[in-house]
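No value in this document is a laboratory result; all are computed from the given coordinates. In this text, all values refer to a predicted model and were calculated from it rather than measured experimentally. Methodologically, a virtual Cβ is constructed for each residue, glycine included, from the backbone with ideal geometry; neighbour enumeration extends over all protein chains shown.
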Amino acid sequence: MRGGTKVAIVGGVFVVVAGGVAYGGYNLWQGINGASGGGVSAASSQEKRSGPVTEDEVTNTAEEFLAAWAAGEPERAGQLTNNPVDAGPVVADFGVGAKVTEAEITAGTPVGPKVPFTVKATVTYEGQSKPWTYDSELTVVRGLSTGRALVDWKPAVVHPKLTKGATLHTGAAKVGEIKAVDRKGVELTAEKYPSLGPILAQLREKYGAKVGGQPGVETWIESGPEGTANTTLVTHVKGRPGRLETTIDAQAQAAAEQAVKQYGQASVVAVKPSTGEIRAVANSPSGGFNAAFEGRQAPGSTLKIVTAAMLLEKGLVTANGVAPCPKEVRYYTRTFHNLAYFELGNVPFSRSFAKSCNTAFIKLIDDVDDDSALGKEAQDVFGIGLDWKTGVQSVDGSVPSAVEGEAAAQYIGQGTVQMNALNIASITATAKYGTFKQPFLVSRKLDGRTFAEASRSLPDSVSRQLRAMMRAAATGEGTGAKAMASVGGDKGAKTGSAEVDHQATSNSWFAAYSDDLAAAAVVGEGGHGGDSAGKVVASVLRAG
């Protein structure tokens with residue numbers, strides 16, 4: 001092998017060391033059948049086989065692939081995958097783009113077809129070298145046409161944050177450094193607040209130059225999808241950061257990070273109702289996709305905040321007026337029921353809201369006489385779908401037009417309604433304040449962007465009734481009372497649960513406010529809204 005590669009196998013664990021790796025131009029190696037120079041020793045010579053890969057095949061294939069990669073032989077490494085055309089250039093880029101001059105790859109013990117490994121590389125730029133260490137893994141599969149044991153190719157093999165279309169680079173950074181601070185001047189870092197990692201990357205990309213940040217020298221991933229921020233992997237020479245003020249509250253952010261960490265999949269956002277300032281945003285898992293801002297899923301009964309506002313505005317019901325709550329109700333061809341088929345009988349609408357009675361809402365649809373009314377209320381009053389400009393990438397919710405049974409499903413936050421924690425936190429904030437204030441992370445004075453504005457506010461009488469109903473949900477026998485018991489101030493809440501793709505346990509949603517702070521959370525397969533998402537929201541409200 002080239003580059004002075006040495007492979008040592010000790011106790012079933014092998015270490016690949018390549019010194020002075022010379023990654024040059026890339027030419028696709030025509031060795032898929034072992035006919036070209038430097039053939040693939042074990043993998044290409046075996047007869048066509050079928051069935052699951054064996055333990056020996058996993059070890060041998062991983063060893064050969066990692067050896068070829070570390071030795072600076074991207075064409076050979078590519079041929080040891082099930083997609084050599086895509087794999088070869090990415091492996092080559094590890095040396096050429098990232099400017100890796102040495103590489104040591106240590107593989108751990110295989111777990112079935114998966115092989116974890118650690119990369120210890122040296123990156124050299126303009127005569128200066130710096131170490132770069134990280135962990136990744138590969139999976140060995142059997143080739144469909146050849147029967148060979150091959151590495152199942154994906155860019156994340158080379159680096160876990162690498163995606164299709166993205167490339168590795170080392171050099172002068174494209175954007176200036178930032179020192180992001182919270183509303184009180186506390187520095188915000190991805191190390192201390194992991195959920196802010198992707199957000200800080202976007203803020204740097206967008207505002208680094210505007211706040212006077214100077215670029216340094218880095219190794220980074222140049223992102224493929226448009227609108228996605230680049231990801232810094234190694235900082236070789238730190239640039240001079242520009243100070244960027246955000247609306248985040250470090251105390252609330254810390255509480256949010258800790259709260260979502262208790263669950264496998266969870267998101268939470270906190271917003272100040274009177275201004276729209278975003279006080280906290282956290283996701284579990286952290287540091288990856290910002291589901292709190294960019295997710296799209298049914299929000300369950302938390303959307304009843306919007307539905308209740310619409311029904312109150314149209315004069316179809318009042319908070320104290322009777323709204324029957326049977327155990328089930330039929331609308332066109334669809335039958336809807338309450339959780340465990342509970343029924344309340346003829347009770348005030350505020351009690352149906354507080355107990356999250358689905359049927360009380362759906363029974364009123366016939367009187368609305370406009371299947372698009374809910375979407376109009378969501379947009380005209382709560383700002384949903386108005387192209388929010390938060391300062392980073394975000395999705396501002398959707399209540400598409402629907403008819404008959406699908407329209408009824410929307411009334412209780414199911415069907416085609418798409419929301420995330422940011423959207424529901426904003427809806428809750430609007431219910432508290434009475435007027436939509438577009439959520440934002442950085443001041444619009446920084447770039448002159450225009451904030452979205454709803455066409456009207458909630459009428460005072462409707463606003464008062466809606467808050468009273470949310471207060472009932474947060475106290476007494478309301479479904480949010482247990483979760484909100486530890487939260488003080490003028491408070492209100494709404495629970496929700498939503499089934500997605502016929503999952504066994506529904507997603508847990510919870511929305512609430514306390515004084516001038518509103519928050520919403522979703523916990524994947526968390527069950528009833530108050531059981532898990534409620535705990536997350538309460539933690540953030542207490543901290544804020």
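A simple rule links phi to the HN-Hα coupling: the Karplus curve 6.51 cos²θ - 1.76 cosθ + 1.60 with θ = phi - 60°, which for segment 485-495 gives 4, 8, 9, x, x, 6, 10, x, 7, 8, 8 Hz, with x for Gly and Pro. Would you order 310, 419, 470 from fewest to most other beta-carbon atoms within 10 Å of each residue's own beta-carbon? With the fewest neighbours first, 310, 419, 470 line up as 310, 470, 419. Computed extension gain for residue 118 through residue 181, at 0.36 nm per residue and net of the alpha carbon distance, reaches 19.3 nm. Arranged from fewest to most other beta-carbon atoms within 10 Å of their beta carbon, 456, 76 become 456, 76. Calculated mean residue ellipticity at 222 nm for the chain: -7500 deg cm²/dmol, from DSSP H runs with n ≥ 4 weighted as -39500 (n - 2.57), summed, divided by the residue count and rounded to 500. Per the Kirkwood formula applied to alpha carbons, segment 371-500 shows a radius of gyration over Rh ratio, Rg over Rh, of 0.98. The modelled label-to-label distance between residue 50 and residue 501, using points 7 Å beyond Cα along the C-beta direction, is 3.1 nm.
Annotation: extensible slack from residue 144 through residue 398 equals 87.3 nm (criterion: 0.36 nm per residue apart, minus Cα-Cα distance).
Judged by the mean number of other Cβ atoms found within 10 Å, the most tightly packed of the peptides 337-350, 294-307, 472-485, 143-156 leads the ranking 294-307, 472-485, 143-156, 337-350. If R0 is taken as 30 Å, the Cβ-Cβ distance between residue 482 and residue 372 corresponds to a FRET efficiency of 0.25. Dividing the radius of gyration of the alpha carbons in the chain by their Kirkwood radius gives 1.07 for Rg/Rh.
Taking only alpha carbon atoms, segment 251-543 gives an Rg to Rh ratio of 0.94, where Rh is the Kirkwood radius.
Going by the alpha-carbon gyration tensor, a ≥ b ≥ c the square roots of its eigenvalues, is segment 251-290 rounded (a/c under 1.5) or, if a/c is not under 1.5, prolate (a/b greater than b/c) versus oblate? It is prolate, given that a/c is not under 1.5 and a/b is the larger ratio.
Computed over every Cα-Cα pair of segment 178-246 and binned at 10 Å starting from 0, the pair-distance distribution P(r) comes out as 20, 55, 24, 1 percent.
Centre-to-centre separation between the Cα atoms of segment 41-110 and those of segment 405-467: 51 Å. From the P(r) of segment 296-444, could you give the percentage of C-alpha pairs in the tail past 19 Å? For segment 296-444, the share of Cα pairs beyond 19 Å comes to 51 percent. Straight-line reach from residue 314: taking Cα to Cα under 20 Å and skipping same-chain neighbours fewer than 8 places apart, the lysines in range are 304, 363, 376, 432. Treat segment 240-373 as a sphere of radius equal to its Kirkwood radius over Cα pairs and apply Stokes-Einstein at 4 °C in a medium of 1.567 mPa s; give the translational diffusion coefficient in µm²/s, rounded to a whole number. Reported coefficient: 72 µm²/s.
Could you compute the FRET efficiency for residue 320 and residue 296, with r as their C-beta to C-beta distance and R0 at 25 Å, rounded to 0.05? My answer for the efficiency is 0.10. A full extension of the chain between residue 468 and residue 192 corresponds to an added length of 95.5 nm, given 0.36 nm per residue minus the alpha carbon distance. Taken as Cα centroids, segment 153-169 and segment 177-227 sit 21 Å apart, rounded to the nearest whole angstrom. Placing R0 at 45 angstrom, the Cβ-Cβ distance between residue 240 and residue 531 gives a FRET efficiency of 0.40 after rounding to 0.05.
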